[in-house]
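Just so it is clear, none of the values below were taken in a lab; they were calculated from the coordinates. Since the model is a prediction, treat every value here as computed from it, not as a measurement. Here the Cβ positions follow ideal geometry from the backbone for every residue, glycine too, while neighbour counts run over all protein chains shown.
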Amino acid sequence: MEPVMELALRSVLAVRGQSCELSLDSERLAWRELRPRRDRSRRAGVCLTRVLQRARGLTDSLNRQLPSGGHSIPVSEIVSVGEAEIDETYHHSMKWEHMCKPHAFTVNYVQRVKNHRWRCKAVTFWCSDEVLCCHWLKALNDLLDHQTCRPKHLLIYINPYGGKKKGKQIYENKVAPLFNLAGISTDVIVTEFANHARDNLYEVNLEKYDGIVCVGGDGMFSEVLHGLIGRVQKDKDIDHDNPEANLSPCAIRIGIIPAGSTDCVCFATVGINDPVTSALHIILGDSQPLDVCSVHRKKRFLKYTVSLLGYGFYGDVLKCSEKNRWLGPARYDFAGIKTFLSHHCYEGTVSFQAAKWAAGSPRDLTRCMSGCDICRQSSKQLDEHQKAQALGSLQNEQEDWKTIKGKFMAVNAANMCCACPRSPKGLSPAAHLADGAADLIVVHKCSRLNFLRHLIRHTNKKDQFDFPFVEVHRVKTFQFTPKHFEVEDEDGDAESTDLRISGKKNFAQICTDHPSCGCNQVNSIWNCDGETLDQTAIEMRVHCQLIKLFARGVEDPKPKNKCSSRI
């Protein structure tokens, strides 16, 4: 591909009846209103400067000439440019009839509003010179053509049943018009049954598409995630049942249009659950690498997870909410209160290996923002660590396992902060999206009051790990084994985790040292990104930057405090 020519244009055009000086270089489009002048011989549309040849410091000089009160748009955030239709009312109000036939072009661009929300805005520039108008159109479209990261053809999966059952309506009314505006072609599949998207991805020709978009909640994203990763491993002949296998990264990106009851992944990677904002991130071709955790039981693959893997409290909340789906989104509040009052704790063993290469720690208060420096440094150090391990220069890592035994209110592995509108900080505020590690949070048995204090800190600015009964570790892998389970299949490899069976066979082992804790329930279930996982004895491993999303991470509202550049 030929390099983008360093160019600059400057002309006097009209915007909303006001003469403006419009400037363009390879990075930005900017305009400012001109003060009325007595000399009216200078009409809008007179080109002040044609194409200027490449010159050192040209961009800086242009920026210095633009006053701070003007408007400036990065070329990378222009959605589309096209010829505008002539508005007769505007034509007569500007008295264009005394001049040549007016010409106009419209620039559609991204405008940021509060709380990470984006909107598509449009500005129309008018001039009397057709050649000049065409010249601007060509220059702008040439620059957009060099935005090679932008998708041209997308595969769309819509879940019509998720959330408030408005996924199809959200896509048709809010997202499809933006894709059409940006010139993106789509193939749309409305899913008809559970795992429809996952199964379809094993058969579809992925080479036709620049990305996959799911319209729905976290469950819909999980379907697409499993289908895409499974398809890539199948094509690469990698056995994902092997927990030690190095999975092949997925080159094609995934976009999320939030339309579910919970949209945790979207909130943590964009900063807001808004369909229009997510659609604009997809149009601009943003790319955010994301770690994925694989969950195994011995030599059998169970699930992939990208946000929360929770046992105990969060597993019980999910189980209760699934039984009360008729309540809609309110089922989560009901399940949370009921589970808190039940106050179950579970006995078992947690073993883990620390992520020694990780640049940060779970309590360093460093949030993962757009262009996170910790993610970049950690992934680089992980590559060096793996190369050293392959060369045999590292000692046997089996000696690095650490073990925690006891009774737990919750055992959680957070692959990201797990933020949501009700918990803006999330389950682990300093967790990172692409550092190759997860935050293991172990909440030991405690009183209801202490556990409530821990939960409340998810919603305020205090350190939620600053309790003697809470441990947090940044890990690359961990295993959990419950105290009470039995092997029942013919080969002696499968674990019986049916709570009713376990409860009956182990009923005599009810906790007696703390009668009020409700420990009569022997095992919990795992909450795997909002999906139930009945196996209790599991092993989890983090795969660094296994997939990429159409996102850029949560943008820092205070750029001056931003710690790094884009990944």
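Taking label points 7 Å from Cα along the Cα-to-Cβ direction, Ala245 and Arg448 give a separation of 4.7 nm. Structural size metrics of the stretch 348-442, computed from C-alpha coordinates, are Rg and Dmax of 15.0, 47 Å. Working from label points 7 Å from Cα in the Cα-to-Cβ sense, the Asn173 to Lys323 distance is 3.6 nm. Protection proxy ranking, highest mean first, for peptides 214-227, 365-378: 214-227, 365-378, where packing is the per-residue count of other beta-carbon atoms within 10 Å, averaged. Both radii come from the Cα set of the stretch 164-267: Rg as radius of gyration, Rh as Kirkwood radius; their ratio Rg/Rh reads 0.99. Counting charges near Gly328 (Lys, Arg +1; Asp, Glu -1) among other residues having Cβ under 11 Å from its Cβ returns a value of +3. Could you size up the charge dipole of the stretch 230-270 around its Cα centre, putting +1 on the beta carbon of Lys and Arg and -1 on that of Asp and Glu, and report it in debye to the nearest 20? For the stretch 230-270, the charge dipole is close to 240 debye. Under the simplified labelling scheme, the Arg117-Cys134 pair shows an inter-label distance of 4.2 nm, with each label point 7 Å from Cα along Cα→Cβ. For the stretch 94-226, the square roots a ≥ b ≥ c of the C-alpha gyration tensor eigenvalues yield an a/c of 1.5 or more together with a/b exceeding b/c, which makes the shape prolate.
FRET efficiency for the pair Leu391 and Thr349, taken as 1/(1 + (r/R0)^6) with r the Cβ-Cβ distance and R0 = 30 Å, rounds to 0.35. Each part reduced to its alpha carbon centroid, the stretch 167-193 and the stretch 245-315 end up 20 Å apart. The mean sequence separation of alpha-carbon pairs under 8 Å and at least six residues apart, normalised by the residue count of the stretch 200-287, gives a relative contact order of 32 percent. Setting aside same-chain residues fewer than 8 positions from Lys174, which lysines have a Cα under 26 Å from its Cα? Answer for Lys174, where 26 Å is the Cα cut-off: Lys114, Lys121, Lys152, Lys164, Lys165, Lys166, Lys208, Lys548, listed by chain and number. Taking a point 7 Å out from the Cα of Glu471 in the direction of its Cβ, the residues of the stretch 339-383 whose backbone N falls within less than 15 Å of it are 346-355.
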